1. Determine whether K205 is among the basic types (K, R), crowded, with 19+ Cβ neighbours inside 10 Å and outside the structural domain of I355 (by TED's automatic domain parsing).
2. Being among the aliphatic types (A, V, I, L, M), in a helix (DSSP H, G or I) and touching a strand residue (DSSP E or B) at 6+ places or on another chain (Cβ under 8 Å) is the filter here; which residues of segment 399-452 pass it?
3. Residues of segment 495-521 being part of a loop (DSSP other than H, G, I, E, B) and either out of contact with any Leu (no Cβ under 9 Å at 6 or more places or on another chain) or modelled with pLDDT of 95 or more (or both), which ones?
4. Report, by residue number, each residue of segment 525-551 that is of a type in the set (G, A, S) and surrounded by 18 or more Cβ atoms within 10 Å (Cβ to Cβ).
5. Within segment 118-146, track down each residue that is in a helix (DSSP H, G or I), modelled with pLDDT of 95 or more and under 13 Å from G202 (Cβ atoms).
6. How about segment 495-535: which of its residues are touching a residue at least 40 places away in the same chain (Cβ under 8 Å), more than 18 Å from the chain's Cα centre (by Cα) and closer than 30 Å to A138 by Cα?
Amino acid sequence: MKKMVLVLVAIFCSSIIFAQKADIIITNANIITAAQKGDRQQALAIKDGKILFVGSNTAVLQYKQTNTKMIDAKGNTIIPGLNDAHLHPSPETPFSQLDHTIRLDTVTSMGSLIALLAKKAAITPKGMLIKGRGYNEAKLGSEPTIEFLDKASTAHPILITHASGHKSAANSTLLAINHITKDTQDPAGGAFDRYADGSPNGICKEAASRNLTNNPQIVPYPVLTKAQELANYQQYFNHLLSFGITSIGDAGADTNRLKIYQTLANENFPMRFNVMIVDKLLPEMEGGDAHHETDEWKALSYFDNHTIPQIETDGLRVKSIKVFHGNSLSGKTCWLYEPYEMPNPATGKMDYYGIPYKRTQQQLDSLFLAIHRKGLQICVHSNGDREIDMVLNAFEKVYATGNPLNLHHRIEHCSIVNDSIIARIKKLGVIPVLHDYINELGDLLEPYGADRLNRMFATKSFLDAGILPALHSDAPVSNYDARARWESAVLRTTASGKQLGAKQCVDAEDALIMFTKGGANATGELAKKGTLEKGKLADFVILQEDPTTIPANQIHNLHILQTWVGGVKAFSK
């Protein structure tokens, strides 16, 4: 009997030893673990898609067996997979495709804009919508009002969306079929810019953009098959992998897009998805996002009636509802305590505070409490300090009722803060998810003034307060190239060379930690990803350079050699 016990113990011990042998070992690397600032290691062992060991070249060899694949990193740098915590996936299509949304972020003159829209009009059936995304009035020289857009075409309705996604420009044809005239009142939560005589000039802000393209007079696009739509998303996410992005947060997916994520997760597509559910009251604004025209109560009902299940796997997380309580930063419509340093478009005076959000404090309190009680994470879009204080008022009431599930809710963008807001965020344990797009859209932000610019995207202030933010691109608001976002957080320099809010600059490693560890923390997944530590998912990126030692203005040129997800190479240059 004793001999049998010893044999069983020996077998058990040998099986444990064997189980600890690695599938893959990477040596001679410069590993930035992001677990703690300054932590560097040399080698990585992987088994069954997870990290078995991180440490020295010598110590890692204890995990080697006959079949272990050995990889020499040759001194290259390894970082955790990047996590874009908030974006809006927008698969790109060929220009010739009828429903193609024209990218306008690189258009730098009104003449070029008109020519590009006219080129699209020439290959588009009359009456069918022409749409574009990402215009920037600072690059164009002025707003693209109807006198400009009408030069491209009046035989087609045209709607182009601003870089912020929170205002749009329509041509006279689109305004006419929607019966928008000088007698049309501004909707709650929105505004039509106007000429001196009161007639609309085509610039439609916030809720004024809603439903413009849901009009029976517009010739519909051909409908894509489910297979075509899935293929478009696969191509899009493969492109993100080439930039080292291994996890994303879709900041507003409806039930149809959720099905795409479920299909991709079931097929083990090498990307990890966090899905924030919305329900659109109206069809998506062509050329942009639905933004505030959503029904959060209906989104909650999907979880209540099990139309949408709560999901929390390694590849797919469906535990959040996207809420809007606030307007746009770069569109200059967010609600502030002090006026913008620009004339009020309505009065011409320096008395413009932005557009107040249409939901009352009581309505916001009620919504937050219902979501919280369902055990779901609240991810609330809010930019202006006046908006954010309302959000924090609601969170205070929510947490006063108890937090048995240890939910940490989020403020998406959380752009303009002050010391009081930061202190309240820390006390409540709320997670700020911050923009870092000054290098692309910074020239639109100067009307906020020097003081507010030093309180905008407050990465340094949050870190100093002991709060770990997450970073995001908000793509297509800014480019999803993670290197550009990373560099912007470090330098905060505009395309024209101005540094905005220098007090909030952080170093490259702090920015990396926010883009990795911060992203995982924002979804409550820090126990399994976000840093390179034993037991965590083997999601990592191999870089040719060390981003913490190269000049900061070269971060956007980092060479991404490989991207790995779950111990499998998903991209190789």
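1. Details: among the basic types (K, R): yes; crowded, with 19+ Cβ neighbours inside 10 Å: yes; outside the structural domain of I355 (by TED's automatic domain parsing): yes.
For K205, the condition - among the basic types (K, R), crowded, with 19+ Cβ neighbours inside 10 Å and outside the structural domain of I355 (by TED's automatic domain parsing) - is met.
2. Looking only at segment 399-452, we keep the residues that are among the aliphatic types (A, V, I, L, M), and these are 400, 405, 407, 411, 416-417, 421-423, 425, 428, 430-431, 433-434, 438, 441, 444-445, 450.
In the following step, the residues that additionally are in a helix (DSSP H, G or I) were identified as 400, 421-423, 425, 428, 438, 441, 444, 450.
Selection gives I425, I438.
3. The first filter runs over segment 495-521 and keeps only residues part of a loop (DSSP other than H, G, I, E, B), leaving 495-498, 500-501, 505-507.
Within segment 495-521, S496, G497, K498, L500, G501, C505, V506, D507 meet the criteria.
4. If we filter segment 525-551 for residues that are of a type in the set (G, A, S), which is where we start, we get 527, 530, 535, 538.
Of everything in segment 525-551, those that are of a type in the set (G, A, S) and surrounded by 18 or more Cβ atoms within 10 Å (Cβ to Cβ) turn out to be G530, A538.
5. I146
6. Hits for segment 495-535 are A495, S496, K498, L500, G501, A502, K503, Q504, C505, V506, D507, A508.
Okay, residues lined up against (1) of a type in the set (G, A, S); (2) modelled with pLDDT of 95 or more; (3) touching a Cys at 6+ places or on another chain (Cβ under 9 Å); (4) not in a helix (DSSP H, G or I):
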residue	(1), (2), (3), (4)
L224	no, no, no, yes
N238	no, yes, no, no
F243	no, yes, no, yes
A251	yes, yes, yes, yes
L258	no, yes, no, no
A265	yes, yes, no, no
G288	yes, no, no, yes
H291	no, no, no, yes
L300	no, yes, no, no
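For (1) more than 30 Å from C379 (Cα to Cα); (2) surrounded by 14 or more Cβ atoms within 10 Å (Cβ to Cβ); (3) in contact with a helix residue (DSSP H, G or I) (Cβ under 9 Å, 6 or more places away or on another chain), each residue gets a yes or a no:
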| position | (1), (2), (3) |
| --- | --- |
| K74 | yes, no, no |
| H88 | no, yes, no |
| P91 | no, yes, yes |
| I102 | no, yes, yes |
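The values are calculated or read from the model by the stated rules, or taken from the named source; none is laboratory data. This is a predicted model, so every value here is computed, not measured. Positions of Cβ are generated from backbone atoms using ideal geometry, with glycine treated the same way; all protein chains shown enter the neighbour counts.
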